[in-house]
Amino acid sequence: MITVIFNNKQWIKAASYYLRTLVFVQEQKISPKAEFDAYDSDQTNYLVIFYNQTPIATGRYQQDDLTTVRPERICVRREWRKKGLGRRVLLELEQQGRKNKCTLSRIHGEKQAIPFYKKMGYDVVSDEFIEDGIICVKLEKKLY
């Protein structure tokens, strides 16, 4: 059974950290110091998708300002990729932004993920830059 949970409870944060460690730290070789930053606080909300009791996808919810949501740290466990879970995490985070009166979603996306974000309605709005050792771009989408 698939369950989606969005909050800042410690067990949800732990599930999100677990997935981020698997994907970003172990697979992509991002340092833990870079991956787990000042935006990971007790007030931060995380979205985690579970299959039964197993966390399989996650994302971190941030707001840049009163009208701009910034979905971050979206990742899917390797064996669950290509099943629409990244899409679901992003849509759920955008929906949370809408609930908070956001009209714009802004993402710092990895260069290799640009086709995914374009399919999701995002446009590239910056030149390439390096973030945590990975080539990224800023992408934006209006939320209606």
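Once every DSSP H run of n ≥ 4 in the chain is given -39500 (n - 2.57) and the sum is divided by its residues, what mean residue ellipticity at 222 nm do you get, rounded to the nearest 500 deg cm²/dmol? All intermediate terms of the calculation are to be shown ahead of the outcome.
Numbers: 4 runs with 36 residues, N = 144.
After summing the helix terms and dividing by residue count, I get -7000 deg cm²/dmol.
The stretch between ALA14 and LEU66 holds 16.0 nm of extra length on full extension. This uses 0.36 nm per residue minus the Cα-Cα distance. Rolling a 1.4 angstrom probe over the protein heavy atoms with all chains in place gives the stretch 1-54 an accessible area of 57 Å² per residue.
Going by Cα centres, the stretch 1-71 and the stretch 72-109 are how many Å apart? Distance between centres, Cα-based: 11 Å. An ellipsoid equivalent to the stretch 102-144, defined through the eigenvalues of its Cα gyration tensor, has semi-axes of 19, 11, 7 Å when rounded to whole angstrom and sorted largest first.
By the Stokes-Einstein formula, at 0.890 mPa s and 25 °C, the chain with its Kirkwood radius over alpha-carbon pairs has D equal to 161 µm²/s. Okay, which of the stretch 51-85 sit inside 19 Å, backbone N to the point 7 Å along the Cα-Cβ direction of GLN26? Answer for this model: 51-59, 73-82.
So if I place +1 on the C-beta of Lys and Arg and -1 on the C-beta of Asp and Glu, and nothing else carries charge, what would the dipole magnitude of the chain be about its Cα centre? I want it in debye, nearest 20. Can you show the working numbers first?
Working: 25 positive and 18 negative charges, 131 e Å.
For the chain, the charge dipole is close to 620 debye.
Projecting label points 7 angstrom from Cα along Cα→Cβ for TYR51 and ARG87 puts them 1.7 nm apart.
For the stretch 52-77, the residues whose backbone nitrogen is under 19 Å from a point 7 Å from the Cα of THR44, taken along Cα to Cβ, are 55-66, 68-77.
The values are calculated or read from the model by the stated rules, or taken from the named source; none is laboratory data. This structure is a prediction, so every number in the text was calculated from the model and none was measured. Virtual Cβ from ideal backbone geometry, glycine too; neighbours counted across all protein chains shown. When the accessible area is computed, the model is the full protein with side chains, heavy atoms only, and any ligands, DNA or RNA have been set aside. Shrake-Rupley method; radii C 1.70, N 1.55, O 1.52, S 1.80 Å.
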